[in-house]
Structures are given as C-alpha cells and as structure tokens.
1. Count, please, the residues in the range 306-320 that happen to be touching a residue at least 60 places away in the same chain (Cβ under 8 Å) and in contact with a helix residue (DSSP H, G or I) (Cβ under 8 Å, 6 or more places away or on another chain).
2. Tell me whether the range 165-179 contains one or more residues that are at pLDDT 90 or above and either in the same structural domain as residue 51 (by TED's automatic domain parsing) or not in a loop (DSSP other than H, G, I, E, B) (or both).
3. State yes or no: is residue 373 within 33 Å of the chain's Cα centre (by Cα) and within 19 Å of residue 167 (Cα to Cα)?
4. In the list 41, 134, which residue meets the criterion of being within 30 Å of residue 210 (Cα to Cα), in a loop (DSSP other than H, G, I, E, B) and touching a residue at least 12 places away in the same chain (Cβ under 8 Å)?
5. Residues 159, 132: which one is closer than 27 Å to residue 359 by Cα and exposed (fewer than 15 other Cβ atoms within 10 Å of the Cβ)?
6. Could you check the range 11-28 and list, in sequence order, the residues that are within 22 Å of residue 67 (Cβ to Cβ) and surrounded by fewer than 18 Cβ atoms within 10 Å (Cβ to Cβ)?
7. Could you tell me which of the residues 340, 361 is assigned to a loop (DSSP other than H, G, I, E, B), touching a helix residue (DSSP H, G or I) at 6+ places or on another chain (Cβ under 9 Å) and loosely packed, with under 12 Cβ neighbours inside 10 Å?
C-alpha cells in the first residue's frame with residue numbers, strides 16, 4: 001500500500017439528493033485546507049462552504065476523523081454535498097490536482113482498513129456480503145460476519161491450539177531430561193478432542209451458510225415442452241422466459257431469484273433433456289445436466305401431453321405435474337401455470353424447504369468455499385494429532401498445520417489473490 005491519499009464518490013449514482021465524497025490518507029487534512037475548511041472538531045458534522053481557489057463550489061456537511069480511530073485507520077474525511085454531477089465532478093477534479101492525492105481504486109478504502117488491522121478477512125467478506133444482501137437472512141448473516149462473529153470463534157480455537165502447542169513444544173525442549181512422560185496429559189487430549197468436534201460442526205455448517213448467502217438452487221428439469229419455462233414465469237410472477245409449443249426452445253440456463261420468507265431461492269430454468277443432433281441444443285442439455293448435479297433441489301416436471309422420462313437418481317427431487325388443466329397427472333405437486341392451480345402451494349413448500357436447508361437459530365457465519373477449505377484443513381490436522389501423533393515432533397507439526405489453516409481463514413497469510421478477487425467486486429468508494 002502506497003502513501004497516497006485517496007478520494008472517491010462513495011454514495012450512489014448521480015444526480016441524487018446527497019452525494020458523499022470520501023477521503024483517506026496522510027494528506028486528508030491538506031485537502032480540507034485546500035477547500036477552505038478549518039476548525040473542524042473530530043467526529044462531528046459541521047456545515048461548511050467548500051471552495052477551490054476562492055471559488056464557492058457548494059455548501060455541505062463535513063466530517064473529519066483523524067487516524068487511527070477511523071474506518072481505514074488513517075486520517076479520513078467525508079464531504080456530504082448536493083448530489084449534482086457537476087458539483088461532484090468539480091470537487092473530484094480539484095482535489096486530485098493536489099500533490100499526493102488520487103482517485104481510489106475499487107475497494108481500496110476497505111483494503112486499507114484490512115492492511116491497518118481494522119478488519120480481518122472474514123470481516124471484509126462480511127462487508128461485501130452486506131453490500132450485496134437481497135434478503136433479510138442474508139443481511140443477518142452478513143452483519144454477524146462483519147461484526148466479528150467468526151473472528152471470535154477462531155480466536156478461541158487459536159487459543160486452544162496455542163496452549164496445546166506450548167505444552168507439546170515444552171516437552172520437546174525437556175525431552176532429554178528423562179522425566180518427561182511419554183503420554184500427553186489427559187486434559188490436553190480432551191481439549192483437542194473438543195476442538196475437533198467444534199471444527200467438524202463448523203465444516204458441516206458451511207453448506208447451510210452457503211444456501212443463505214448464494215440462495216437455494218432449485219432446478220426445473222424434465223423433457224422438452226413439459227412446461228419448465230411456464231412454471232418459471234408463474235413462480236416469478238413475470239414473463240421472464242420464452243414459452244413456445246416447439247420443443248427445445250430453451251437452450252441456455254436462466255436463473256431467477258425469489259425472496260421467499262426472507263430467504264433467497266434461485267430458480268434454474270434449462271433445456272429439456274433428450275437426445276439431439278443440434279450442437280446448440282446438445283450443449284444446452286450438457287449444461288442442464290450440470291445444473292441438476294449442482295442443485296440443492298430438483299423439481300422434475302411431468303405433463304399429460306409429454307412422454308415421461310426417467311428422472312435422475314438423486315435426492316432431493318420432487319415430481320411436479322404441470323399442465324393439470326389438460327388432464328390428470330400423477331405427481332407430488334400438481335399445478336397449472338395457465339390457471340394458477342397449485343402455484344401458491346408449491347411456493348409455500350419451497351419456502352419451507354429453504355428454511356429447513358438453511359437451518360434454524362443464529363445465522364450460519366461460514367458460507368464460502370474458502371471457509372470450507374481452511375476449516376477442513378484445520379479439522380484434518382487436529383484429527384491427525386489425535387490419531388497419528390505418535391511422537392511430540394509429529395504432534396507439534398499437526399498443531400502447526402491447524403494453526404496455519406486458521407490464520408489463512410482470518411487472512412493473516414496467503415491473502416493477496418483472495419484480496420484481489422474480493423475487492424474487485426467492491427464499488428470505488430468502499
């Protein structure tokens with residue numbers, strides 16, 4: 001991280017009622033002086049006239065937060081001005097002419113907060129999830145992660161590992177004295193056993209957390225012309241998919257999000273499954289099969305006017321009888337997209353399934369593939385300690401590997417690629 005001072009518009013698109021311009025870095029106080037702003041009490045809003053080279057640009061509220069007690073840990077300021085594109089453009093142009101001041105890159109304010117120890121990597125991810133949250137459960141999960149819920153749990157696990165490592169490494173230091181027991185104390189084994197149980201539970205919770213963060217993936221599958229696109233439109237209450245009597249109309253994968261009881265459900269419409277000589281349709285079928293394998297739930301559609309197809313051997317899978325207005329159909333759920341029959345009941349069932357899949361109680365804080373990889377590595381190392389730690393040297397190495405995995409989860413080692421990908425999704429002013 002360089003010593004530049006960065007500036008960016010951190011509020012929404014212009015024009016708007018109010019625009020917020022954020023500054024961070026060692027030159028923040030110089031920027032305020034260049035705007036003819038002085039006598040600002042830290043951490044209190046003050047109404048000031050903003051001037052450049054004596055010219056009044058706008059009147060607005062100014063907040064001055066000297067470091068390290070700020071979001072980034074550096075000197076920071078926020079200018080709340082009228083949301084005029086001309087005002088914001090003039091201020092940014094004038095501010096960036098000051099030596100050492102430049103426009104911020106995507107996510108750079110948060111990256112500085114991470115670099116200065118204001119946030120660890122799990123909290124940064126929580127902030128990103130909060131910005132992207134669409135449903136109430138996503139908001140709850142993101143806020144808990146941002147507030148340090150994961151960090152507190154990991155800190156407790158690390159303390160246990162440090163205590164046990166101290167015991168094991170002390171035995172290594174005094175192994176030559178002949179009075180060191182060959183067996184680790186019972187309380188040490190007990191503590192590591194309890195830690196292994198907690199790590200196993202954490203690994204199992206990642207799937208539930210993923211469903212909250214990414215949404216429950218529901219694949220609408222079956223043969224061509226069975227009514228998948230019509231069902232998608234009926235569930236979404238919108239004409240999102242093209243509906244045609246011609247088989248094979250849908251060739252690509254289409255995702256539609258629903259908020260069902262505060263939980264995100266992703267409906268996946270796809271090509272009908274059949275043999276095809278068309279390269280385009282065959283590719284659509286290949287993608288459909290991949291989506292079925294990836295889905296959390298498959299709705300397998302059957303219809304009275306379409307020859308049945310053997311469903312894939314996977315669970316969970318619900319059979320859904322579509323086009324009930326054309327004739328009787330045997331299925332767990334019977335509906336008609338044209339008349340609306342059974343749509344409300346199916347939506348209620350999906351909402352209940354999503355609630356069960358995400359779990360009850362406090363939000364699952366662990367939800368990313370990175371979480372799963374790090375936690376599984378820590379769990380495996382701790383379990384090897386319990387089963388393979390025949391010597392103190394081997395036991396110490398297993399404990400060290402477990403500690404490293406938790407350090408990676410917090411972002412204290414091997415972080416650059418993760419950070420580059422994460423901050424690329426942030427807006428410029430965050």
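1. 2
2. Within the range 165-179, the first condition is being at pLDDT 90 or above, and the residues that meet it are none.
Checked against the condition, which is being at pLDDT 90 or above and either in the same structural domain as residue 51 (by TED's automatic domain parsing) or not in a loop (DSSP other than H, G, I, E, B) (or both), the range 165-179 yields no hits at all.
3. no
4. On the way: 41 fails: within 30 Å of residue 210 (Cα to Cα).
Every option except 134 fails the conditions.
5. Values: 159 fails: closer than 27 Å to residue 359 by Cα.
132 is the lone residue from the list that is closer than 27 Å to residue 359 by Cα and exposed (fewer than 15 other Cβ atoms within 10 Å of the Cβ).
6. We begin by selecting, within the range 11-28, every residue within 22 Å of residue 67 (Cβ to Cβ); these are 20-28.
If the condition is that a residue be within 22 Å of residue 67 (Cβ to Cβ) and surrounded by fewer than 18 Cβ atoms within 10 Å (Cβ to Cβ), then 26 is the only one that fits.
7. Working: 361 fails: touching a helix residue (DSSP H, G or I) at 6+ places or on another chain (Cβ under 9 Å).
Unique residue meeting the criteria: 340.
Per-residue answers, yes or no, for (1) modelled with pLDDT under 95; (2) assigned to a helix (DSSP H, G or I); (3) assigned by TED's automatic domain parsing to the domain that holds residue 75:
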position: 88; (1), (2), (3): no, yes, yes
position: 91; (1), (2), (3): no, yes, yes
position: 94; (1), (2), (3): no, yes, yes
position: 98; (1), (2), (3): no, no, yes
position: 102; (1), (2), (3): no, no, yes
position: 106; (1), (2), (3): yes, no, yes
position: 110; (1), (2), (3): yes, yes, yes
position: 114; (1), (2), (3): yes, yes, yes
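The values are calculated or read from the model by the stated rules, or taken from the named source; none is laboratory data. All values derive from a computational prediction rather than experimental measurement. With ideal geometry, Cβ positions are generated from the backbone for all residues, glycine too; neighbour counts draw on all protein chains shown.
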